[in-house]
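Worksheet: one structure, shown below.
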Amino acid sequence: MTLSNSTVPSSTPTSESISNSAQQALLTASHLTKTVQVGEQSLSIIKDVSIHVDAGEFVVIMGKSGSGKSTLLGLLAALDYPDSGSVELAGQTLSSLDEDALAVIRQRDMGFVFQSFHLLPTLTVAENIAFPLDIARRPNKARVNELIEAVDLGHRRNSLPNQLSGGEQQRTAVARSLVSQPKIVFADEPTGNLDEQNADQVMNLLLDLRQQTGSALVVVTHDPALADMADRVITMHDGMIDGSTLNG
Ligand SMILES: Nc1ncnc2c1ncn2[C@@H]1O[C@H](COP(=O)(O)OP(=O)(O)OP(=O)(O)O)[C@@H](O)[C@H]1O
Ligand SMILES: [Mg+2]
């Protein structure tokens, strides 16, 4: 993989404008493809996907298991590199950045609620939530406390992750994803393992905090109730987008 060291944003997108609101887009992904090697075979799992997310927009991605949702989310969040195509966040082409520059953008502009982004087991709830601010050297106790209260974990602030229920862990992860007031939060089935009450709580939290911070949300889910709350629902099938519906 060749990545330039430059942090200068590239100015010319390689593709045509992909939507009529492209001038407003916070995130623009153009013609993404991804192929993986399975034994002898190379398998195309993302096939020419273009997508945009406006500032503050709540986009849900749905589709059958194996349709490519998590892979796409990883590409959008620049956790994984596409084979071709580009992702721009606020005008900056992420694939042209090196790992250090990307790390800064992840810390400053992005929040994650991914199952693979576990809570750090040796840190308490409060320390986990504070973590993105601490590594960015922008500690902010008041903000951390505000979020601990918002996720209703004041009584658990000094607990370690393995002392928490699944819902409490998920709420901690949501608080952590939003603590630095990111421009965009990516969540992969954030309510997936939760009972209905905890799922509602986690989702309402994301929506409330989005309202406060103006963060855009990109959420992969199988939950139709969540899709109803979104501004836009994108459906994936076999590595491609096969539908996009505006709500409301
Ligand atoms: N590293 C990999 N190697 C081989 N195949 C992979 C790899 N990553 C993903 N895949 C395959 O790509 C397809 C898309 O996977 P992905 O995880 O994006 O699906 P998904 O839509 O998120 O599914 P789910 O709803 O089950 O989470 C699947 O068929 C999966 O098996
Ligand atoms: Mg998935």
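Here, each number is a calculation from the coordinates, and none is a lab measurement. As the structure is a prediction and not an experimental result, all values here were calculated from the model. Here the Cβ is made from the backbone with ideal geometry for all residues, glycine too, and neighbour counts use every protein chain on show.
Using Cα positions and a limit of under 17 Å, work out the lysines in reach of residue 69, with same-chain residues fewer than 8 apart set aside. Within the straight-line limit of under 17 Å, residue 69 reaches these lysines: 34, 47.
If the only charges are +1 at each Lys and Arg Cβ and -1 at each Asp and Glu Cβ, what is the size of the charge dipole of the chain around the Cα centre, to the nearest 20 debye?
The calculated dipole for the chain is roughly 620 debye.
Projecting the Cα atoms of 147, 211, 70 onto the charge dipole of segment 25-246 (Cβ charges, centred on the Cα centre) puts 147 farthest toward the positive pole. From least to most packed, judged by other beta carbons within 10 angstrom and beginning with the fewest, 118, 222 follow the order 118, 222. Listed values for segment 158-167 are Karplus-derived 3J(HN,Hα) couplings in whole Hz (6.51 cos²θ - 1.76 cosθ + 1.60, θ = phi - 60°), namely 9, 7, 8, x, 6, 9, 10, 6, x, x, and x replaces Gly and Pro. Taking other C-beta atoms within 10 Å as the exposure proxy, 246, 119, 164 rank 246, 164, 119 from fewest upward. Per-residue 3J(HN,Hα) values for segment 88-103, derived from phi via the Karplus relation 6.51 cos²θ - 1.76 cosθ + 1.60 with θ = phi - 60°, read 10, 10, 6, x, 9, 7, 5, 6, 8, 9, 7, 4, 5, 5, 5, 4 Hz in sequence order (x marks Gly and Pro).
Grab the Cα-Cα distance for residue 134 and residue 196, subtract it from 0.36 nm times how many residues apart they are, and report the gain in nm with one decimal.
On the way: separation 62, 0.36 × 62 = 22.32 nm, distance 3.29 nm.
So the chain would gain 19.0 nm between residue 134 and residue 196.
Near residue 58, the amide H atoms lying under 5 Å from its own belong to 217, 231, 232; only residues 5 or more places off or on other chains count, and H is placed 1.01 Å from N.
At a 10 Å Cβ-Cβ cut-off, how would you order 61, 135, fewest neighbours first?
135, 61
Treating only the Cβ atoms of Lys and Arg (+1) and Asp and Glu (-1) as charged, compute the dipole magnitude of segment 30-139 about its Cα centre; round to the nearest 20 debye.
Details: 8 positive and 13 negative charges, 55 e Å.
Here the size comes out at about 260 debye.
Among the GluC sites (Glu not before Pro) in segment 132-209, none is located in a DSSP loop while being surrounded by at most 14 other Cβ atoms within 10 Å of its own Cβ. Close amide-amide hydrogen proximity is noted between residue 26 and 53, 54, 55, each under 5 Å apart and 5 or more residues distant or on a separate chain (H modeled in the peptide plane; Pro and chain starts excluded).
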